[in-house]
Amino acid sequence: MQKKSEKFSLYVHIPFCVKKCLFCSFAVSVGQAHRADDYIDALENEMRPYKGATLKTVYLGGGTPTFLSDAQLQRLTNIVRQNFIVAPDVPWSIEANPEGIDERRALLLKNLGVTRVSMGVQSFNDAYLRFLGRAHDRLQALRAFEALRGAGFDNINVDLMYGFPGQSRDELWADLQAVAALPSEHVSVYTLTIEPNSRFYARQVKLDGDEKLADDYVFVAEFLENAGLKQYEVSNFARPGFESAHNTVYWEGGDYIGLGMGAHSLMGNERFWNVSTLNDYLQKIAGEGRAVEGREALSAQTRLTERLVFGLRMNRGVSIPIIEKAAGAVLPPEGKKLIDDLVEEGLLSREGDRVKATVRGRLVLDEIASRLV
């Protein structure tokens, strides 16, 4: 399945949530706390084929991993260490919501070996938190951050959302001021999107126009840069040395193992993904030891294209010779011509053999990707 000499990133999906936010379209389970132990049993079974693999990053995502009890979190981290080789310096990230973090919980996470906490704040405006259907308010977010600092965490990410219908520039500025005042080491910024399978989609919530959202994005990027958070990816800003090691693996086209309901994996020239409902996941693991729903064989040319597209998300861009060597393929003449055209249009720029998205290009990155694929 994998060469034991290679290093992988590990993503473990914990689907449980107190409630499902109105914008959420992810694979989550609400009101299923009584099934958490069974789920961890299933995760342990799913890990077994990978036993002995060496990890370079660990990411516990969701859902809400901190929904688990203390004992369940302890067991989860234990089974990861029992099945994988995890060096002491490997970064461990966990996603958390403010309502699930207090001083005691923060200390527990620290003692379990977690090195980075990614907190889903989304906004410091109570009206917008209610609009999103979040389970916390501004004060809880501030207290949760203080609790993490008090426990010794020096690597905290804050998720911030903008693009709420009718959001004023003053309201956006206030959110940015709040996150800069914390101050966190990393900020992930996302535009509110209306995704199928979300309640906002069912309610036909309408967003502001693209021009306003583009202006807001530029404002956000400039504000955070001035606050000492350097943009290194289209949605991510960090103080020097605090870039997300785990997410960088995705953007650079590295291999990763995904465990749990709805999780995706990429190994060599194959991508595969798990079933996305809790019942199906538990039943398939119990019956087969695996919960794979689908597989996709990737040609060397596809791997090259994906490395190019994902690499352009990063501010440093991509070196064409490096990604060609990594993928074992060469960019065809029509691909080179398309890059030339995008440079001519001012959406990409060149520095030696490296290609980057310009500020204008970052505003239409999805369009660029669709042209390159």
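Name, by its number, the condition in (1) in contact with a Leu (Cβ under 6 Å, 6 or more places away or on another chain); (2) more than 25 Å from residue 158 (Cα to Cα); (3) of a type in the set (A, V, I, L, M, F, W, C) that does not hold for residue 200.
Condition not satisfied by residue 200: (2).
Would you confirm whether any residue within the range 190-200 is closer than 19 Å to residue 128 by Cβ, touching a strand residue (DSSP E or B) at 6+ places or on another chain (Cβ under 7 Å) and modelled with pLDDT of 95 or more?
no
Right, residue 59: aromatic (Phe, Trp, Tyr) and part of a helix (DSSP H, G or I) or not?
no
Hey, does the range 350-359 have a residue that's part of a helix (DSSP H, G or I), at pLDDT below 95 and closer than 30 Å to residue 211 by Cβ?
Checking the range 350-359: at least one residue is part of a helix (DSSP H, G or I), at pLDDT below 95 and closer than 30 Å to residue 211 by Cβ.
Of the numbered conditions (1) closer than 22 Å to residue 211 by Cα; (2) in contact (Cβ under 8 Å) with a residue 40 or more places away in the chain; (3) touching a helix residue (DSSP H, G or I) at 6+ places or on another chain (Cβ under 8 Å), residue 310 fails exactly one; give the number of that condition.
(1)
Only residues in the range 327-351 that are touching a residue at least 60 places away in the same chain (Cβ under 8 Å) and within 27 Å of residue 268 (Cα to Cα) count as the first member; pair them with residues that are surrounded by 15 or more Cβ atoms within 10 Å (Cβ to Cβ) and not acidic (Asp, Glu), Cβ under 8 angstrom, at least 6 apart or cross-chain, and list the lot.
Within 8 Å, the pairs are 327/253; 327/301; 327/303; 327/304; 327/307.
The values are calculated or read from the model by the stated rules, or taken from the named source; none is laboratory data. Predicted model only: the values in this text are computed from it and were never measured. In this analysis, Cβ positions are derived from the backbone assuming ideal geometry, glycine residues included, and neighbour counts consider all displayed protein chains.
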